[in-house]
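Trainee: Take this structure first; my questions come after.
The values are calculated or read from the model by the stated rules, or taken from the named source; none is laboratory data. Predicted, not measured: the structure shown is a model, and the values here were computed from it. Every residue, glycine as well, gets a Cβ built from its backbone with ideal geometry; the counts of neighbours run over all protein chains shown.
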Amino acid sequence: MAGDQVTYPLNSLYCYSAEAETALQEELRLLADIELRYEEERHSLQRSTLPEAVKGRISRQLETVRESLRGPHVQRLAQLHDELLRRKLYLLETVH
């Protein structure tokens, strides 16, 4: 799934903060899953009896896959953060 592209509407606003909170938690969970898988594979690689040159090549490949999997979720977290900030600013402006 490393080649799958994840897209989200840039201006999608949540009606309720609970929806935004759920989306944030889901993105963080997905990132944690990616990190866990990466660490498990890296640890397994370190314990292997493969030659160091092969380990180095596989390690670089693991890092490349990790970054490609993380990218869409990091972007989504940034979008959610921006949406929440805009919402807070809007609420502050309408209250004062």
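Trainee: I want to confirm something. Restricting to segment 66-96 and keeping residues that are exposed (fewer than 15 other Cβ atoms within 10 Å of the Cβ) and in contact with a Phe, Trp or Tyr (Cβ under 9 Å, 6 or more places away or on another chain), which single residue is nearest to GLU26 (Cα to Cα)?
Mentor: Step one: list which residues in segment 66-96 are exposed (fewer than 15 other Cβ atoms within 10 Å of the Cβ), which gives 67-68, 71, 74-75, 78, 81-82, 85-96.
Those still in the list that are in contact with a Phe, Trp or Tyr (Cβ under 9 Å, 6 or more places away or on another chain) too: 75, 87.
Details: GLN75: 13, ARG87: 20 Å.
Within segment 66-96, the match that is nearest to GLU26 (Cα to Cα) is GLN75.
Results for (1) outside any helix (DSSP H, G or I); (2) in contact with a Gly (Cβ under 9 Å, 6 or more places away or on another chain); (3) at pLDDT below 90, shown as yes or no for each residue.
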site: TYR14; (1), (2), (3): yes, no, yes
site: GLU21; (1), (2), (3): no, no, yes
site: GLU26; (1), (2), (3): no, no, no
site: LEU31; (1), (2), (3): no, no, no
site: GLY56; (1), (2), (3): no, no, no
site: HIS81; (1), (2), (3): no, no, yes
site: ARG87; (1), (2), (3): no, no, yes
site: LEU91; (1), (2), (3): no, no, yes
